[in-house]
Amino acid sequence: MKANNVDLWSGLVLGGLGVFIITQAWGWEYLGNDGPGPGFFPLWYGVAIVGLSVALVFASVRTAQAVDWSGAGRAIAAWGAFALAAAAMKWFGFLVCFAALTFYIVAVMYRRPLVVAALVAAGTAAGFYLVFQFALDVKLPPWTLFRA
């Protein structure tokens, strides 16, 4: 077994996350009068994470191969862009941040022309608006940069 195996360490971290989710969901109502309570889906989500992470750890121990870091930079860049968009949502709102994230992924990660990236970003943001804000009447986080 190689100590620097990415699958091993990813599986261990994800297993810890799954255990945390299970312990948090354990204190919530599992079933209510109307059906599944707030603890139902997180509990099973945590169980699925733990089960899949155990499988990942066992597979990494069984195969024990060298680490391939060639795609790590792109993955970290995508996660960084997602984290930045989530943090900026407080000031710029969901639609602007989602459109910017989509634009970045299409233009930078997939190396598509800027016009294509802009159209995809505008289209997906408009689609979210139409489905959630308009059709379902679910309020998305608004733009608050210049509000008092």
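Apart from one condition, S70 fits all of (1) hydroxyl-bearing (S, T, Y); (2) modelled with pLDDT under 90; (3) surrounded by 14 or more Cβ atoms within 10 Å (Cβ to Cβ); the exception is (3). If you go through the stretch 73-92 and keep only what is farther than 29 Å from S10 by Cα and either buried (at least 17 other Cβ atoms within 10 Å of the Cβ) or among the β-branched types (V, I, T) (or both), you end up with just F92. The residues listed here are I105, I49; of these, the one that is surrounded by 11 or more Cβ atoms within 10 Å (Cβ to Cβ), at pLDDT 90 or above, assigned by TED's automatic domain parsing to the domain that holds L130 and in a helix (DSSP H, G or I) is I105.
The values are calculated or read from the model by the stated rules, or taken from the named source; none is laboratory data. Keep in mind the model is a prediction, meaning the values are calculated, not measured. Please note: Cβ atoms are built from the backbone with ideal geometry, for glycine as well, and neighbour counts cover all protein chains shown.
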